[in-house]
Amino acid sequence: MHRKSLSATVRSVRITNLKLQKVLYFAQAYYLAKFKRPLFSNKIEAWEYGPVVPKVYEDYKKHKSNPIISEKDASSLSDKDKEIVKNIWDAFGGYSAGRLVDITHAHTPWKEAYQRKRNTIFQKSLKEYYTPIFV
């Protein structure tokens with residue numbers, strides 16, 4: 001079960017699925033580094049074009065490379081969490097999806113997971129790698 005509804009969280013933002021995946025990755029990494037807890041319970045996997053939350057990918061794959069457009073916010077996040085996610089968007093949203101792919105490919109959690117047969121990016125790996133960066 002999902003601790004919080006990720007799909008509903010992102011519906012109020014205009015973003016491609018590829019870029020969404022990278023922003024979710026950085027949001028999860030930030031929460032693990034800063035608050036020692038995950039933002040969401042969904043697993044993150046290392047795919048060819050960077051980190052992906054498979055459940056969210058499935059929810060939005062119908063958009064292909066087109067922006068996901070919706071005005072509805074059915075998020076279950078608290079107002080505080082929404083503000084933090086907005087700040088993460090402000091930090092990373094200006095980058096192209098391709099640039100975010102390049103950035104994540106250069107970081108250890110994605111690289112190590114991508115080399116394994118089971119390509120889950122573990123929360124422990126995110127916390128250890130990003131704590132010195134985000135805190």
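One table, with the values for the structure above:
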read-out	value
Simple label model, 7 Å out from Cα along Cβ direction - residue 90 to residue 112, nm	3.2
Taking 130, 95 and counting other C-beta atoms within 10 Å, the order from fewest to most	95, 130
Computed [θ] at 222 nm, deg cm²/dmol, the chain (DSSP H ≥ 4; -39,500 (n - 2.57); rounded to nearest 500)	-16000 deg cm²/dmol
Local electrostatic count, residue 115, Cβ distance below 14 Å [Lys/Arg +1, Asp/Glu -1]	+1
Label assignment, volume of the Cα convex hull per residue in Å³ derived from the structure, set (1) 150; (2) 169; (3) 106	(3)
Only Lys, Arg (+1) and Asp, Glu (-1) charged, at Cβ; the chain dipole about Cα centre in debye	320
Length added when fully stretched, residue 78-residue 102, from 0.36 nm per residue minus Cα-Cα	5.5 nm
Fully extended contour minus Cα-Cα distance, from residue 128 to residue 61, at 0.36 nm per residue	21.1 nm
Exceeding the 27 Å Cα-Cα cut-off - candidates 86/117; 62/124; 36/82; 82/111; 19/43; 62/82	86/117; 62/124; 82/111
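We did not get these values from a lab; they are worked out from the coordinates using the rules stated. Just so we're clear, the structure is a prediction, and the values are computed from it rather than from any experiment. With ideal geometry, Cβ positions are generated from the backbone for all residues, glycine too; neighbour counts draw on all protein chains shown.
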